[in-house]
Amino acid sequence: MAKVLRNGRFLRPSGHNPKDAQFSDCLVLEEASGNILHVGSDSDGAVQSAISSGAQVLDMENRVIIPGFIDSHMHLLLTGETLNKLDISGCDTLEEIRTAIRTYAKEHPDLDRISCCNWFQTSTNGEAFASQLDDLDPRPIYISAYDMHSRWCNTAALNELQVADLEDPPGGTIHRDGTGKPSGLLSESAALTIVDPFLSKQLSLTQKMDFIDDAIKAYIASGYTGLIDMAMDEVTWGIILDYRKRCGGRLPVWLATHWFVLPQKTPEENLALVDKAIEMKKQYNETTSPDCRITGIKVMCDGVVDACTASLMEPYSHNGGNEPAVWTVEELVPILKKADDAGLQIAIHAIGDAAIRVAIDSLERVGNPAGRHRIEHLETCSPDDVARLGKLGITASVQPVHSDPSILQAWPKLLGPKRCEHVFPYNGFAEHGATVAIGTDAPTASHLVFPNLYTATTRRSGRKPELEKQTAPKFALSLAAAMAAATQGAAYSCFADSRVGRLEEGKVANLAVIDMVWDPTKLLEAKVVETWYQGRKIFG
């Protein structure tokens with residue numbers, strides 16, 4: 001049976017980097033196939049024919065209807081876990097953090113561990129010592145940095161992790177005091193390969209599936225109908241497949257994933273991880289498993305600016321220090337070439353301008369613009385490299401919420417004012433021909449879409465709207481371009497654009513119905529009132 005959605009403002013597909021949006025007022029969909037039959041005017045023959053044939057007619061009350069949002073960079077299981085942790089993002093000082101943890105611990109005496117998230121390093125002046133937490137509660141305390149690249153632990157946590165005699169893993173650091181004793185902070189791969197697997201083992205399968213369910217429900221309520229997970233491994237993949245079985249064999253929204261290739265001790269071990277991704281894609285791909293598929297690999301080229309682990313061309317301004325990129329071009333190219341030859345997409349985390357240069361140079365060596373390879377974050381890209389992405393067919397996968405001025409307080413000190421004038425250059429990528437795909441990197445930031453788009457278009461803070469400061473405002477995207485990047489750009493980024501990402505005949509009827517004013521300055525007032533997936537309303 002057909003449905004006619006009328007009296008709406010249906011966002012029309014746009015060209016590259018649009019400045020203005022165009023709308024139609026009516027959409028016809030077929031419930032059986034879940035596809036769009038027509039988008040246009042209420043008076044069109046296709047609309048009138050559907051109505052005369054008995055189609056159900058729905059009044060959209062002049063709301064804005066767009067293709068369902070797609071989070072082009074997120075972490076599904078971790079997002080669900082984070083929704084169930086103590087959020088300390090509102091704490092601006094060490095004492096506020098201590099008070100929040102102490103209160104939370106008293107309110108949750110049944111928990112085996114105290115887990116916290118969204119710690120901003122600036123709130124503790126970059127310090128993270130076990131001794132600052134030890135008197136709060138005898139249970140292990142784990143605090144994740146907002147960027148998920150560091151874990152701050154009390155002594156009880158360090159003891160159960162048994163890190164005292166461990167060596168630093170490749171690409172990571174177990175921070176220690178002058179005597180060699182772990183001091184409380186584990187960063188980069190030390191957090192990812194030591195802390196995270198340990199904590200994962202403490203949870204039951206049912207708990208993990210519930211976390212995934214919590215995350216997907218939160219995404220659906222926010223207008224999302226597609227997700228791209230950026231750090232998949234065998235354990236997490238197995239949990240997702242078990243959850244999929246619990247859902248009757250199909251996920252509530254579609255999911256594409258990138259297999260995580262962390263640095264190993266030998267080149268052979270690195271290539272073995274790519275082989276695993278190749279093997280998995282043969283089984284879970286667009287044809288065999290369109291709702292839950294492997295699309296590529298993801299590699300890390302550096303860390304993050306706030307932890308001073310992003311790799312820069314010039315040293316950090318405050319201390320003259322720097323970090324090399326995780327890989328050299330010579331080390332990285334064989335990994336990328338193997339993936340590309342097997343038809344895998346490549347996603348490279350690169351935040352510092354030196355790491356971005358390594359990523360671009362490596363993809364240039366791979367030499368496949370049609371592969372839709374992508375670089376994630378691109379936060380301090382040099383002016384010379386901004387123009388290279390479009391020429392090489394590299395997607396700019398960005399998370400505007402990371403450019404929120406309220407969380408960049410330390411950047412002028414760390415990078416110097418001059419470099420801060422050329423950060424998060426989103427419109428620069430677009431103007432030079434690169435496809436921009438917008439994501440959130442949840443749970444490093446909220447999955448909510450409108451604060452993300454607000455910062456993309458105004459370069460102001462969605463966390464603290466009262467702040468007048470803007471982050472490099474010359475690189476703001478238009479609202480039309482930001483919406484396109486969060487829908488059709490994100491779909492393009494994982495080869496899903498033949499099915500989703502645009503409201504046009506033949507595409508799947510994945511829709512977000514929004515009560516909003518089409519004005520960047522009003523985005524924080526916008527509200528998703530309905531989410532449709534494959535022609536059926538699943539929220540609202």
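The values are calculated or read from the model by the stated rules, or taken from the named source; none is laboratory data. From a predicted model like this one, the values you see are computed outputs, not experimental measurements. A quick note on method: Cβ atoms are made from the backbone with ideal geometry, for glycine too, and the neighbour counts reach across all protein chains shown. The accessibility values were calculated without ligands, DNA or RNA, using every heavy atom of the protein model including side chains. Shrake-Rupley method; radii C 1.70, N 1.55, O 1.52, S 1.80 Å.
Straight-line cross-link reach from LYS413 at under 17 Å between alpha-carbon atoms covers these lysines, not counting any fewer than eight positions away in the same chain: LYS469.
How would VAL436, VAL235 line up by accessible area, probe 1.4 Å, largest first?
Working: VAL436 15, VAL235 90 Å².
Of VAL436, VAL235, the descending order of accessible area is VAL235, VAL436.
Relative to one another, the C-alpha centroids of the range 177-241 and the range 323-361 are positioned 24 Å apart. By a 1.4 Å probe calculation restricted to protein chains, ASP168 has an accessible surface near 80 Å², given to the nearest 10.
With a sphere of radius 12 Å drawn around the Cβ of PRO109, what net charge do the other residues whose Cβ falls strictly inside it have (Lys, Arg +1; Asp, Glu -1)? Show your work: numbers first, answer last.
Details: positive: LYS106, ARG139; negative: GLU107, ASP110, ASP112, ASP137.
Its environment carries a net charge of -2.
Probe radius 1.4 Å, ligands and nucleic acids ignored: give me the carbon and sulfur share of the accessible area of the chain as a rounded percent.
Details: 10280 of 20780 Å².
C and S atoms contribute 49 percent here.
Cross-link partners of LYS391 among aspartates and glutamates, defined as those whose alpha carbon lies under 16 angstrom from its own and excluding same-chain residues fewer than eight positions apart: ASP361, GLU364, GLU431. Pull out a ≥ b ≥ c, the square roots of the eigenvalues of the alpha-carbon gyration tensor of the range 1-132, then state rounded if a/c is under 1.5, prolate if not and a/b is larger than b/c, and oblate in the remaining case. It comes out prolate by the Cα gyration axes.
Between LEU58 and ASP361, 0.36 nm times their residue separation minus their Cα-Cα distance comes to what? Before the final figure, lay out each step's value.
On the way: separation 303, 0.36 × 303 = 109.08 nm, distance 5.16 nm.
Separation in residues times 0.36 nm, less the Cα-Cα distance, equals 103.9 nm.
Distance from the Cα centroid of the range 21-55 to that of the range 368-437 is 39 Å (rounded to whole angstrom). Which entries of LYS19/LYS522; LYS85/LYS464; LYS85/LYS106 show an alpha-carbon separation above 19 angstrom in the structure shown? Cα-Cα > 19 Å for LYS85/LYS464; rest within. Restriction of the GluC sites (Glu not before Pro) in the range 100-197 to DSSP coil positions whose beta-carbon has at most 11 other beta-carbons within 10 angstrom yields GLU167. Projected label points at VAL517 and ASN322, each 7 Å from Cα along the beta carbon direction, are separated by 4.8 nanometres.
Accessible area per residue for the range 163-219, computed on protein heavy atoms with a 1.4 Å probe, is 47 Å².
Given +1 at the Cβ of Lys and Arg, -1 at the Cβ of Asp and Glu and no other charges, the dipole of the chain around its Cα centre is 1020 debye to the nearest 20.
Rounded to the nearest whole angstrom, the semi-axes of the ellipsoid equivalent to the range 93-202, taken from the Cα gyration tensor as √(5λ), stand at 21, 16, 13, largest first. Calculated accessible area for the range 81-126 comes out at 50 Å² per residue, all protein chains present (probe 1.4 Å; ligands, DNA, RNA ignored).
Using C-alpha pairs below 8 Å separated by at least 6 residues, the relative contact order for the chain is 18 percent. Here THR179 and GLN283 are evaluated by their C-beta separation; at R0 = 35 Å the FRET efficiency comes out at 0.10. Here LYS537 is the anchor, and the aspartates and glutamates within straight C-alpha reach of less than 17 Å, apart from those fewer than 8 places off in the same chain, are GLU30, GLU31, ASP59, GLU61, ASP515. Note on the range 499-540: dipole from Cβ charges, positive end direction compared against LEU503, ALA526, ILE538; the farthest Cα belongs to ILE538.
Shown here for the range 383-418: trypsin sites (Lys or Arg not before Pro) in loop regions (DSSP other than H, G, I, E, B) with at most 12 other Cβ atoms within 10 Å, namely LYS418.
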